[in-house]
Amino acid sequence: MAASPCVLAIDQGTTSSRAIVFDVTGQRVSVAQAEYPQLYPGDGWVEHDPAAIWQTTLQTARDALRAAEDSGHTVVALGITNQRETVVLWDRATGHPLGNAIVWQDRRTAAECERLRAAGHEPEVTARTGLLLDPYFSATKIAWLLDNIPGARERARAGQLACGTIDSFLIWQLTGGREHLTDATNASRTSLFNIHTQRWDDWLLECFDIPARLLPAVRDCNSHFGTTDSGLLGREIPILGVAGDQQAAALGQGCMMPGAIKSTYGTGCFVLVITGDAVVQSSHRLLSTVAYRLDGQVSYALEGSIFVAGAAIQWLRDGLGIIESAAATAALARDADPASAVYLVPAFTGLGAPHWRPEARGALLGLTRATGIAEIARAALEAVAYQTNDLLEAMQRDGVQARQLRVDGGMVANDWFAQRLADLLNLTVDRPQILETTAYGAALLAGQGAGIYGDWADIEALWRLDQQFEPSMAADVREQKLAGWRDALRRVMA
């Protein structure tokens, strides 16, 4: 019997690296995952060791590939999806990073963003990129690395260094330094890419003081990004798809047509609605971004970004040590006192959309002597739902009305959370059979390039519902809870 063709998807996330092999029907054949350390060298600073990112990526890719092929499958293509906005600076000659990666959550460049805002640059930055001036995006991170690593600016101008988001770094490593490439979705998150012209923008490069020769070439999401070095995975495998994690998740959720909306619950939470070939400029501090660029055709999206979702649960486990696992939160939330009014505002690294307050910090409010672990766990889960509601309300004011929400990510495996999300949003919440939609989206891109999936209409039809959650909370209870959240939010922002 001939071996069944499959696709290997690398999903390089904020807290772990995963590799998943999918077959021609979209079913998972094998998976490998490895966490790596989070580094917090200062207040609001978040870093990753690029060597740890690369080592965990390579090891999980090898493990998933081996497991799939040992069971009679053949991997014919590789796709990459990644945490966006995180940047690495490395030596072109050796491939060695010059320092730690600065993570998307990092707030160290808040003062620089304020300086640029005070100089009047934000309207032009937004007009060209669809983004706001905020430390979240890559440009000020890159400038910080150039200014704070001795000799980096001079070496960058001399063409000795390369810089990019995590996809670029992985492509470089996987191809043995032969390719310095990115895709349009990751480029659109840097504040250096003009989403209208689809090019690195000279005015933006000058504004942020970034040498153009540092940056990778930008390709369509379903382009050929080179082949892996034969010594890494046992043979050469073509890299045929790349997309940032949220755009990949939208593809994995079958969100192709204008109006389709999804929300992903990983380390952070990201709500994305497809706007098609039109760039919708938000009046309520949401982001315009590239949803995907396929065969030269661009589709745009409106996005809201929450910095802390699953990271709040990780904090309960690793920071406070009050839960053993994320799965334990469902039972704790069910057991919490219904009358408790505890609110967690998880602004550990500032607040994202639609508030954009990098200086804000987290708070736990409404504590009494009766407050226990169950009430705090419930507050952490509810905080994610409240923040999602803030995003959807902003989208509604921009003219986007959600009726149903497709959700994915590790948090939505929790039935209690998925139901509370439906209740507090007052929306139908659809959970798919494939929760690893980020990796699945990368697999779809690469698999289509390899000829094992059909056209995009066929791919949309692969989406399957696992469970639908309908709102059941009384309107007055919902409004009371939302009012308490808004009061907690005001206190933090004050």
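Listed values, structure above:
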quantity: Selection status of V75, open to solvent by less than 10 Å² (accessible area, probe 1.4 Å) and part of a strand (DSSP E or B); calculated: yes
quantity: Qualifying positions in the stretch 233-247 - in contact with a strand residue (DSSP E or B) (Cβ under 9 Å, 6 or more places away or on another chain) and charged (D, E, K, R); calculated: E236, D245
quantity: Unique match (being at pLDDT below 95 and open to solvent by less than 30 Å² (accessible area, probe 1.4 Å)) among G164, G159; calculated: G159
quantity: Cross-chain or 6+ apart pairs with Cβ under 8 Å, the stretch 394-411 first and within 13 Å of L425 (Cα to Cα), then open to solvent by less than 20 Å² (accessible area, probe 1.4 Å) and among the aromatic types (F, W, Y); calculated: V407/Y265
quantity: Residue that is farthest from A360 (Cα to Cα), among those in the stretch 117-126 that are surrounded by fewer than 19 Cβ atoms within 10 Å (Cβ to Cβ) and touching a residue at least 60 places away in the same chain (Cβ under 8 Å); calculated: E124
quantity: Test result for R431, among the basic types (K, R), open to solvent by 10 Å² or more (accessible area, probe 1.4 Å) and more than 20 Å from the chain's Cα centre (by Cα); calculated: no
quantity: Test for V242: is it within 25 Å of E303 (Cβ to Cβ), open to solvent by 10 Å² or more (accessible area, probe 1.4 Å), part of a strand (DSSP E or B) and not charged (D, E, K, R); calculated: no
quantity: Boolean, S299 is part of a strand (DSSP E or B), in contact with a Gly (Cβ under 7 Å, 6 or more places away or on another chain) and within 25 Å of A347 (Cα to Cα); calculated: no
quantity: Selection from the stretch 277-295 of residues that are closer than 13 Å to I195 by Cα and surrounded by fewer than 21 Cβ atoms within 10 Å (Cβ to Cβ); calculated: D277, A278, V279, V280, Q281
quantity: Residue within the stretch 212-234 that is free of Cβ contacts under 8 Å to residues at least 60 places away in the same chain, touching a helix residue (DSSP H, G or I) at 6+ places or on another chain (Cβ under 9 Å) and part of a helix (DSSP H, G or I) present; calculated: yes
quantity: Test: residue in the stretch 339-347 that is without any contact (Cβ under 8 Å) to a residue 40 or more places away in the chain and β-branched (V, I, T); calculated: yes
quantity: Long-range neighbours under 6 Å by Cβ, at least six apart or interchain, first residue within 11 Å of I20 (Cβ to Cβ) within the stretch 424-453, second in a loop (DSSP other than H, G, I, E, B) and open to solvent by 10 Å² or more (accessible area, probe 1.4 Å); calculated: Y440/I434
quantity: Residue ID - most open to solvent (accessible area, probe 1.4 Å), chosen from residues in the stretch 167-185 that are in contact with a helix residue (DSSP H, G or I) (Cβ under 8 Å, 6 or more places away or on another chain) and part of a helix (DSSP H, G or I); calculated: Q173
quantity: Selection within the stretch 19-58 - over 23 Å from T349 (Cβ atoms), modelled with pLDDT of 95 or more and crowded, with 23+ Cβ neighbours inside 10 Å; calculated: A19, I20, V21, T57
quantity: Hits in the stretch 20-48 - residues which are assigned to a strand (DSSP E or B) and either under 24 Å from D458 (Cα atoms) or out of contact with any strand residue (DSSP E or B) (no Cβ under 6 Å at 6 or more places or on another chain) (or both); calculated: I20, V21, F22, R28, V29, S30
quantity: Residues of the stretch 73-99 satisfying the condition of being in contact (Cβ under 8 Å) with a residue 40 or more places away in the chain and of a type in the set (S, T, Y); calculated: T74, T81, T86
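The values are calculated or read from the model by the stated rules, or taken from the named source; none is laboratory data. Predicted model, so just to flag it, every value in this text is computed and none were measured. We place every Cβ from the backbone using ideal geometry, glycine too, and count neighbours over all the protein chains shown. Surface accessibility is based on the protein's heavy atoms, side chains included, excluding ligands, DNA and RNA. Shrake-Rupley method; radii C 1.70, N 1.55, O 1.52, S 1.80 Å.
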